[in-house]
Structure formats: C-alpha cells, structure tokens
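Q: This structure is in structure tokens; I'll ask about it shortly.
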Amino acid sequence: MKNVDRKDIKSLTLSQLKEEMEALGEKSFRAGQLYEWMHGKLAEGYEEMTNIPRRLAEQCALRFEYTTLKTVQMQESRLDGTRKYLFALPDGNLVESVWMRYKHGNAVCISSQVGCRMGCRFCASTLDGLERNLLPSEMLEQIYAITRQTGERVSNVVVMGTGEPMDNFDNLLQFIMLLTDENGLHISQRNITVSTCGIVPRMYQLADRQLQITLALSLHAATDEKRRELMPVADRYSLQELMEACTYYFEKTGRRITFEYSLVKDVNDTNEDVVQLTKLIKGLNCHVNLIPVNPIRERDYVQSERHAVESFKNKLEKNGINVTIRREMGRDIDGACGQLRRRYIE
C-alpha cells in the first residue's frame, strides 16, 4: 500500500537529508552517500546503491518516495539531432522535455508543471489547463533521465517547457538549489534560464533571492492592448509594472533580462511594433530573443516570413538594442511546447 505521507527523497537538500538520517538513528555521512547516488551518479533506485546497508535501503523505501520518470516516447530530429522526450510521472501524468546540442554544450528545456493555467493564445501547453505542479525531483529527473540516456553532460538548463515556473515558485527555488549544489550536477546558476509570462510579485521575490540565473520574460507585444489579446496575464499586470519589475531584477542581481518575443504574422511584426518595442525597453539592460512562432493547429496564428523577422531584428539593432533570432531546433519533431503530449493524449 502506498504511504501518502512519504517524503520525496530526491527533493530534499543535503542538510534536510542529514536531518532525516538522524531521525532514523543513522550517522550523517549516510546522507552524503545517498545524496551522491541520487544527484551525482543519478541512480534509478536504492538497489543500485552499493555502499548503502540493505536495512537502510529498506527503511528508506518504506519512508520515502523515490521519483524516477519513464520514457513514453522519444523523437529525434533528422535536421539537428534535437531530441524531444515525453515522460510519464509516477502518477501517470505526462510531461515533455527537449535536449539540444550546441557547440558550447548540451542544453535541456524542462517543464515545471503538468499543463498550465496561463492561457497564452499561441501555446499548446495551456489548452487543457493546469493539472498540477511538478515537485523539485520531477523537474530534476527530466535532466537526469536525459543524461542517463544520452550519456552526455548537460551544461545549460532552461525552465521554459510546459507550465509557468513562477506559478510553482517554492518548488522552482528548491530545484535550482539542488541543481546547482556542488554535491550534485553542480550546474552554474549562470547557465540556468527561467521563463515567466510576467507574474510581477514573484519577479520581485525572485530578485530578492539575488540568484545569478537569467530571467526570460515572455513579452510578445509592446502595448498593453496587444499583449492582452495574446496573454491573459496582461489583464492583471500592465507593461509599466512589468518594466519596473525588470529594472528591479537587474538592480538586485546585475543580470540582464531576456525578452522573449514570438513573431506572429500581421499581429506583432509590423514597423509600428518595432517603434513601440524600442520605446518600451530602451535604456533597460536587456536582450531580445526573436522567436518565429511555432504554428499549432488549434490556433490560426501564422509564422512571420523570414524577411519580416530579419527586418524586425535589423530595425531593433539600429536602435541600439541587443537582439538575436532564436535558432529553430527540432521543427520536424513536434518542437512546440505541449504538442507531443497533446498528440499522445489524443
């Protein structure tokens, strides 16, 4: 029978694990051994832990959940080797992750929730609403499972898959702590990007933590009116409030903000949009990431033409704004957030 009160062992920090071991009457070094197996050697279960006494392994199995994910589907792009994974969580829910190979190292884009309640109009992840938040272990395990399968180290992590990370704030912070811990994968905070559609109070809270991660704001429009058409969150927080939060984040952390801007044909890719965007972000220490929108069949948004994307970029650059066009990866494999999960469920 499943014990509903069992703690999730992979979501515990090393100091929390030491407390648990002491409560079991064990020496504290056992916590270090367990932690290394879980977060250093990426063990899939207690049976792999060769230096843990059997009675302790049995006690742990009774007392703690041990989260691992099962690969339901994996698609590999013939264009660039990008891999899209569909993982089953212990409760049967499904999440997606993407593994991308770059010259500077491997990046994994993970999900932070099952589904999403933010309702952004051009996103497949949000079509069925929010099912639940992911635990820190379930976020980590997406990276661990991919590392085990590829046999290659992950050097960059992007929390930009399904879900709004700021809507799962406490678990997100715990996940970052575990991911960057020197006793685990020890990924640098500077190599972690967290995306948000703009939950202003959480942006301030995150800034106050003074982490060295990159905050990526899904902007997608330069006026409140247009942003409200694309993103329901804009009904709650104005662009002025957002820009003030971005300024505060930079002042607190010294980390420049990335603005994600999905270009939708004839919606937000006009010359007027360039002028408005320049006015909005001029003077902020920031970087604009232009994203040709991923068409999803449930919506009628069309990707901007290549020349329109290039022209948009050039005009921003002329105005002194730091800008790149996101390299499209895995377009032949349900690359957009939420597509693979949705097809599989259907």
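Every read-out reported here was derived from the displayed coordinates using simple, explicitly stated rules and does not represent laboratory data. Model, not experiment: these values are computed from the prediction. Ideal geometry is used to build each Cβ from the backbone, glycine not excepted, and the neighbour counts take in all protein chains shown.
Q: Ranking M49, M38, M203 by Cβ neighbours within 10 Å, fewest first, what do you get? Present the calculation step by step, with values, prior to reporting the outcome.
A: Details: M49 19, M38 27, M203 23.
In increasing order of surrounding Cβ atoms, one gets M49, M203, M38.
Q: From largest to smallest, what semi-axes in whole angstrom does segment 149-231 give when each is the square root of 5 times an eigenvalue of its alpha carbon gyration tensor?
A: Details: eigenvalues 146, 46, 22 Å².
Three semi-axes, in Å: 27, 15, 10.
Q: Quick one: in segment 139-297, what % of C-alpha pairs are over 27 Å apart? Walk me through the numbers on the way to the answer.
A: On the way: 3502 of 12561 pairs.
Above the 27 Å cut-off, segment 139-297 has 28 percent of its Cα pairs.
Q: Could you calculate the FRET efficiency of V275 with Y204 from 1/(1 + (r/R0)^6), where r is the beta carbon distance between them and R0 is 35 Å, rounded to 0.05?
A: Working: r = 29 Å, r/R0 = 0.83.
The formula returns an efficiency of 0.75 here.
Q: Enumerate the calculated ³J(HN,Hα) couplings along segment 54-67 in order (Karplus 6.51 cos²θ - 1.76 cosθ + 1.60, θ = phi - 60°), each rounded to whole Hz, writing x wherever the residue is Gly or Pro.
A: Values, residue by residue: 4, 5, 5, 4, 5, 5, 4, 4, 6, 8, 10, 6, 10, 7 Hz.
Q: Quote to one decimal, in nm, the extra length available between E310 and R117 on full extension: 0.36 nm per residue of separation minus the C-alpha distance between them.
A: Answer, rounded to one decimal: 66.2 nm.
Q: Highest mean first, how do 140-147, 151-158 rank when packing is the count of other Cβ atoms within 10 Å averaged over residues?
A: Numbers: 140-147: 22.8, 151-158: 15.9.
Going by the mean number of other Cβ atoms within 10 Å, highest first, we get 140-147, 151-158.
Q: Continuing with this model, one more query. Which FRET efficiency value, to the nearest 0.05, do you get for N183 and T50 by plugging their Cβ-Cβ distance into 1/(1 + (r/R0)^6) with R0 = 25 Å?
A: It comes to 0.85.
Q: What is the extension gain from Y344 to D332, computed as 0.36 nm multiplied by their sequence separation minus the C-alpha to C-alpha distance, in nm to one decimal? Walk me through the numbers on the way to the answer.
A: Numbers: separation 12, 0.36 × 12 = 4.32 nm, distance 1.62 nm.
Gain in length upon complete extension: 2.7 nm.
Q: May I pose another question? From the backbone phi of segment 97-103, what are the Karplus-calculated ³J(HN,Hα) couplings (6.51 cos²θ - 1.76 cosθ + 1.60, θ = phi - 60°) in whole Hz, Gly and Pro given as x?
A: So the J values, rounded to whole Hz, are 9, 10, 10, 10, 9, 10, 4.
Q: List the relative contact order of the chain as a percent without decimals, with contacts defined as Cα pairs under 8 Å and 6+ residues apart. Intermediate values should be presented prior to the final figure.
A: Working: 627 pairs, mean separation 52.4, N = 346.
The value is 15 percent.
Q: Calculate the length of the line joining the C-alpha centroid of segment 205-240 to that of segment 28-107, in whole Å.
A: Measuring centre to centre over Cα atoms gives 32 Å.
Q: Something else now. How big is segment 231-289 in terms of Cα radius of gyration and Dmax, in angstroms?
A: In Å, with Rg to one decimal and Dmax whole: 12.4, 37.
Q: Assuming 0.36 nm per residue, please report the length gained on full extension of the stretch D170 to K70 beyond their Cα-Cα distance.
A: Working: separation 100, 0.36 × 100 = 36.00 nm, distance 2.47 nm.
Between D170 and K70, full extension yields an extra 33.5 nm.
Q: Under a crude label model (7 Å from the Cα following the beta-carbon direction), how far is L127 from R148 in nanometres?
A: With each label point 7 Å from Cα toward Cβ, the separation is 3.1 nm.
Q: Moving to a separate point now. Read phi for every residue in segment 144-151 and hand back ³J(HN,Hα) as whole Hz from Karplus 6.51 cos²θ - 1.76 cosθ + 1.60, θ = phi - 60°, with x for Gly and Pro.
A: 5, 4, 5, 4, 4, 6, 8, x
Q: Compute the distance in nm between two label points, each set 7 Å from the Cα along the Cα-to-Cβ direction, one at K318 and one at A61.
A: 6.8
Q: I would also like to ask the following. Taking the number of other C-beta atoms within 10 Å as the exposure measure, put H287, H186, H307 in order starting with the fewest. Walk me through the intermediate numbers first.
A: Numbers: H287 16, H186 11, H307 8.
Listing H287, H186, H307 from fewest to most nearby Cβ atoms yields H307, H186, H287.
Q: Residues with amide H under 5 Å of V293's amide H, sequence separation 5 or more or different chain, H placed in the peptide plane at 1.01 Å from N; which?
A: Amide H neighbours of V293: L263, S304.
Q: Can you tell me the FRET efficiency between D80 and S28 if r is taken as the Cβ-Cβ distance and R0 is 35 Å, rounded to the nearest 0.05?
A: Working: r = 46 Å, r/R0 = 1.31.
After rounding to 0.05, the efficiency reads 0.15.
Q: Can you work out the base-10 log of I(q)/I(0) for segment 7-65 at q = 0.22, 0.30 1/Å, using the Debye formula on its C-alpha atoms alone?
A: Calculated log10 I(q)/I(0) at the listed q: -0.82, -1.75.
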